[in-house]
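Undergrad: Mind looking over this structure? Questions follow.
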Amino acid sequence: MTSLKDKTLIVTAGPTIEPIDPVRFLSNHSTGKMGYAIAGVLAARGARVLLVSGRTALETPQGVERVDVLSAEEMYRAVMERFEASDGAVMCAAVADYTPAEVSPVKMKKSDDDLVIRLKRTKDIAAEAGRRKGERMLMGFALETDHEQENALGKLRRKNLDFIVLNSLRDRGAGFAGDTNKITIIDRAGEITEYPLESKTAAADRIADRIEAWFAARG
């Protein structure tokens, strides 16, 4: 299948790791399964796929070019270095919103006092891509626990996305770690399409269908 032949697409996947000291870090529960499924499906449809991946235990999908990163800053740089030469991006990674303001060069020792770690904002990769997007396709993800569609639509508009894929942690079988997902895709016009619980590969096919149709509509 070569429906996306001659397209170069970036996919981000997995968690970022924000160091506290040489042995400790802040992260999240993302395994990268959804992003890797999307990368594999897009490559199978003929796209050149650049997978910018946080730390995972997953194998690189066939035909996909993988760039390994750890922190939000590393992911930001890897995406921005490649975005201009791409036809679009799918921002599926679970990127930390905050990172420690100071990183200890040595292991922090336990004391009798509580520990307070000051955090600073990380760079917003999807928002920066939205500022630079031009005629490129840009898809983001939103994992929500309340006011799901309202929050996702707000994110789509603020970040100048063409689509946002919504997951809710309240949906059984969706979210991190598992092999299934239940997604809702919202486009720029505000059209909302809900899909049933299905395998992450099947959900990736739904996402690829929307990307394919986006490019087809633009000739």
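Undergrad: Leaving ligands, DNA and RNA out of it, report the carbon-plus-sulfur percent of the accessible area of segment 1-121 at a 1.4 Å probe. Don't jump to the answer; show the numbers that get you there.
TA: Details: 3230 of 6700 Å².
C and S fraction of accessible area: 48 percent.
Undergrad: Please state the relative contact order of segment 1-123 as a whole percent: Cα pairs under 8 Å, 6+ residues apart? Display every interim value, and only then the final one.
TA: On the way: 272 pairs, mean separation 41.1, N = 123.
About 33 percent, as a whole number.
Undergrad: Please list, in chain and number order, the residues 5+ apart from LEU119 or on another chain whose amide H is under 5 Å from its amide H, with Hs placed from the backbone.
TA: Under 5 Å from the amide H of LEU119: ALA101.
Undergrad: Hey, another quick one. Using only Cα positions of segment 129-219, each an equal point scatterer, no hydration layer, compute I(q)/I(0) via Debye at q = 0.11 Å⁻¹ and quote the log10 values to two decimals.
TA: -0.30
Undergrad: Against the globular-protein guess of 2.2 N^0.38 Å, express the Cα radius of gyration of segment 32-150 as a ratio, rounded to two decimals.
TA: Working: Rg = 17.1 Å, N = 119, 2.2 N^0.38 = 13.5 Å.
Here the answer is 1.27, to two decimals.
Undergrad: Computed over the Cα atoms, what is the radius of gyration of the chain divided by 2.2 N^0.38 Å, N being its residue count? Let's see the in-between values first.
TA: Numbers: Rg = 17.6 Å, N = 219, 2.2 N^0.38 = 17.1 Å.
In units of the 2.2 N^0.38 Å rule of thumb, it is 1.03.
Undergrad: Restricting to DSSP H runs of at least four residues, report the calculated mean residue ellipticity at 222 nm for the chain, -39500 (n - 2.57) per run over all residues, nearest 500 deg cm²/dmol. Each step should come with its number before you reach the end.
TA: On the way: 5 runs with 61 residues, N = 219.
The per-residue figure over the chain is -8500 deg cm²/dmol.
Undergrad: While we're here: Out of the GluC sites (Glu not before Pro) in segment 65-126, which ones are loop residues according to DSSP with at most 15 other C-beta atoms within 10 Å? Please list the in-between numbers first.
TA: On the way: sites: GLU65, GLU73, GLU74, GLU81, GLU84, GLU102; in loops: GLU84, GLU102.
Within segment 65-126, the qualifying GluC sites (Glu not before Pro) (loop, at most 15 other Cβ atoms within 10 Å) are GLU84, GLU102.
Undergrad: Roughly how many whole Å is it from the C-alpha centroid of segment 98-117 to that of segment 184-213?
TA: 41
Undergrad: Sticking with this structure for a sec: Would you mind calculating the relative contact order of segment 26-97 from Cα pairs under 8 angstrom and at least 6 residues apart, reporting the percent as a whole number? All intermediate terms of the calculation are to be shown ahead of the outcome.
TA: Working: 80 pairs, mean separation 22.9, N = 72.
This gives 32 percent for segment 26-97.
Undergrad: Can you work out the Karplus-derived ³J(HN,Hα) for every residue in segment 154-169? Use 6.51 cos²θ - 1.76 cosθ + 1.60 with θ = phi - 60°, whole Hz, and x for glycine or proline.
TA: Per residue, the Karplus-derived 3J(HN,Hα) values read x, 5, 4, 6, 4, 9, 6, 8, 8, 9, 9, 9, 9, 10, 10, 5 Hz.
Undergrad: Something else about it: Mind listing the long-range amide H neighbours of LEU26? Cut-off is under 5 Å, sequence gap 5 or more, other chains count too, H placed in the peptide plane at 1.01 Å from N.
TA: GLU18, ILE20
Undergrad: Helix 200-217 versus the longest principal axis of the chain: what angle, 0 to 90°, nearest 10, using Cα atoms?
TA: 60
Undergrad: Could you sort the peptides 39-46, 118-125 by per-residue average Cβ neighbour count (10 Å cutoff), highest mean leading?
TA: Working: 39-46: 23.4, 118-125: 14.6.
In descending order of packing, they fall as 39-46, 118-125.
Undergrad: With θ set to phi - 60° and the Karplus curve 6.51 cos²θ - 1.76 cosθ + 1.60, what are the ³J(HN,Hα) couplings of segment 17-34 in order, to the nearest whole Hz, using x for Gly and Pro?
TA: Using θ = phi - 60°, the values come out as 10, 10, x, 9, 8, x, 10, 10, 7, 9, 7, 8, 8, 4, 9, x, 4, 5 Hz.
Undergrad: Please list the non-local residues whose amide H lies under 5 Å from the amide H of VAL67, H modeled 1.01 Å from N, same-chain partners needing a gap of 5 or more.
TA: LEU51, VAL52, SER53
Undergrad: Please go through segment 107-153 and write out the GluC sites (Glu not before Pro) that DSSP classes as loop and that have at most 12 other C-beta atoms within 10 Å. Mind dumping the intermediate values first?
TA: Numbers: sites: GLU128, GLU135, GLU144, GLU148, GLU150; in loops: GLU135.
Those that pass, being in a loop and sparsely packed, are GLU135.
Undergrad: Per 10 Å bin from zero, what fraction in whole % of the C-alpha pairs of segment 2-80 is there, up to the bin with the longest pair?
TA: 20, 47, 25, 6, 1
Undergrad: What is the distance in Å between the Cα centroid of segment 34-81 and that of segment 132-153?
TA: Centre-to-centre (Cα) distance: 19 Å.
Undergrad: For the chain, what is the accessible area per residue in Å² when the probe is 1.4 Å?
TA: Values: 11590 Å² over 219 residues.
Ligands and nucleic acids excluded, the figure is 53 Å² per residue.
Undergrad: Then there is this: Relative contact order (percent) for the chain, with alpha-carbon contacts under 8 angstrom and 6 or more residues of separation? Could you put the intermediate results ahead of the total?
TA: Values: 462 pairs, mean separation 42.3, N = 219.
This gives 19 percent for the chain.
Undergrad: Cβ neighbours within 10 Å, averaged per peptide: list 52-61, 192-201 in order, most packed at the top. Don't skip to the answer; put the middle values down first.
TA: On the way: 52-61: 18.3, 192-201: 14.1.
Top to bottom by mean Cβ count within 10 Å: 52-61, 192-201.
Undergrad: Another question, if that's okay. Does segment 101-142 come out rounded, prolate or oblate by the C-alpha gyration tensor, with a ≥ b ≥ c the root eigenvalues, rounded set by a/c under 1.5 and, if not, prolate when a/b is larger than b/c and oblate if not?
TA: Details: a/c = 4.67, a/b = 3.64, b/c = 1.28.
Since a/c reaches 1.5 and a/b is larger than b/c, the shape of segment 101-142 is classed as prolate.
Undergrad: Among DSSP beta bridges lying fully in the chain, give the percent that are antiparallel, nearest 5. Please report the intermediate quantities before stating the final value.
TA: Numbers: 14 of 40 bridges.
Taking every DSSP beta bridge within the chain, about 35 percent pair in antiparallel fashion.
Undergrad: Per residue of segment 106-118, what does 6.51 cos²θ - 1.76 cosθ + 1.60 with θ = phi - 60° give for ³J(HN,Hα)? Whole Hz please, x for Gly and Pro, Karplus curve as stated.
TA: Running phi through 6.51 cos²θ - 1.76 cosθ + 1.60 with θ = phi - 60° gives 10, 4, 6, 8, 5, 10, 7, 9, 5, 10, 10, 10, 7 Hz.
The values are calculated or read from the model by the stated rules, or taken from the named source; none is laboratory data. These numbers were taken from a predicted model, which means no experiment stands behind them. Because the Cβ atoms are built from the backbone with ideal geometry, glycine has one as well, and the counts that use them run over all protein chains shown. Heavy atoms of the whole protein, side chains included, go into the accessibility calculation; ligands, DNA and RNA do not. Shrake-Rupley method; radii C 1.70, N 1.55, O 1.52, S 1.80 Å.
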